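The values are calculated or read from the model by the stated rules, or taken from the named source; none is laboratory data. Given the structure is predicted, the values throughout are model-derived calculations rather than measurements. Positions of Cβ are backbone-derived with ideal geometry, glycine not excepted, and every protein chain shown enters the neighbour counts. Note: accessible area is taken over every heavy atom of the protein model, side chains too, but ligands, DNA and RNA are not part of it. Shrake-Rupley method; radii C 1.70, N 1.55, O 1.52, S 1.80 Å.
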Amino acid sequence: MKTRYLLSAVLLACGVAQAQETFPGRSITMIVPFPPGGVADVTGRPTAAALEKVLKQPVAVTNRPGAGGAVGNAAVANAKPDGYTVLMALSSISVIPEADKLFNRKPAYTLDQFAPVALISADPVILVVHPSLPVKTVKEVIALARKQPGELSFSSSGVYGALHMPMEMFLHAAKLKMRHVPTTGGGPAITQLLGGHVTMTAGGPAAITSHVKAGKLRPIVTWGAERHPNYKEVPTFKEQGMDIVYYIWAGMFVPVATPEPVIKVLRDAVRQAVTDPDFKSQMAKVNSPVNYLDAPDFAKYLDADAKRLAAVVQVVGKVGN
């Protein structure tokens, strides 16, 4: 009997080793839980292209938008934990379960269903307005909003999403009322603003830069702890006397039960991918500096950020559309 168990253990160990050696043996799907054009998509696509070079297998980006990112996040949380389905998530991954708790809803997923692979980028969001809005400073935005309570509007990536939370932080701090227009992602949120359907939004540098350069959006203020290196003319909220800081980050995850040897392959691949010249060039084009963290450090970063954002959810409270 002991011999049989020993043989089984040896065969199992050999199977794990073989899986590690052969992974990946086919294409990988990277789920982006938002439509094209937002931070997750703009970060995910060059990351996928760089990973293909390292892993020698296709990495196909699939957009799965819905419910502020919850649909795509849940799809990966419940995917087969074999490394062939990965997630490029935003900071909202930790906010959505907290919002579900607030409303006593069954969560679409929980944060402990994911294993972090790597942090790719972390940028402060920037308040941008439609050029037709007669404001150039945050003080002018506040004055106009108080003069026209409820008339100014902002778009977001979804209720409690990565772009909704910073706007609620701003409105709460300034005691303002604006009309919220949620969409399915950062790309559609910007489209709403470009079309003049709303007056402002909070956008990540990677998603807004081309429109700012074209004069189609006007940057007003940033949620960063300090000024963004590529938006040095844009002041921080802290400089304006408002103690609010918010960063939108993009990071890669897999289902938590994914074998550690497989996760290690992915970690090593991302470590190499972020140094790829083409990847760095693509990120530079959208003014999004790479802020790479390997899994252990990313896990610590995620834990601290999740606790901070959970506190923000409690402060903001129940909000609707």
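Laid out as a table, the results:
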read-out: Range of Cα positions in the range 127-202 per principal axis (Å), largest first; value: 30, 25, 18
read-out: Within the range 258-303: Cβ-based charge dipole about Cα centre, in debye rounded to nearest 20 (Lys, Arg +1; Asp, Glu -1); value: 120 debye
read-out: Estimated distance in nm for a label pair at Lys213 and Arg105, the labels positioned 7 Å out from Cα along Cα-to-Cβ; value: 3.8 nm
read-out: Computed E for Lys139/Val315 - FRET, C-beta separation, R0 25 angstrom, nearest 0.05; value: 0.65
read-out: Residue-normalised accessible area of the chain, given per residue in Å² at a 1.4 Å probe; value: 44 Å²
read-out: Residue (of Pro166, Pro259, Ala145) at the positive-pole extreme of the chain, dipole from beta-carbon charges; value: Ala145
read-out: Rounded to the nearest 20 debye, dipole of the chain from Cβ charges on Lys, Arg, Asp, Glu; value: 480 debye
read-out: Set of lysines with alpha-carbon distance to Lys213 below 22 Å, sequence-local pairs under 8 removed; value: Lys136, Lys232, Lys280, Lys285
read-out: For the range 169-282, average projected area of the Cα convex hull in nm²; value: 10.0 nm²
read-out: Relative pair counts by distance (%), Cα atoms of the range 51-171, 5 Å bins; value: 2, 9, 16, 18, 15, 12, 10, 8, 6, 3, 1, 0
read-out: Separation of the Thr62 and Ala299 label points, Cα + 7 Å toward Cβ, nm; value: 2.8 nm
read-out: With all protein chains modelled, accessible area of Arg179 [1.4 Å, Å²]; value: 120 Å²
read-out: Student exercise, the range 71-154 dipole from Lys, Arg, Asp, Glu Cβ charges, in Debye to nearest 20; value: 300 debye
read-out: Alpha-carbon spread of the chain, three principal axes, descending order, Å; value: 82, 45, 30
read-out: Accessible area of the chain belonging to carbon and sulfur atoms, whole % at 1.4 Å probe; value: 56 percent
read-out: Spin-label model distance (nm) - Gln272 vs Lys232, 7 Å beyond Cα toward Cβ; value: 3.7 nm
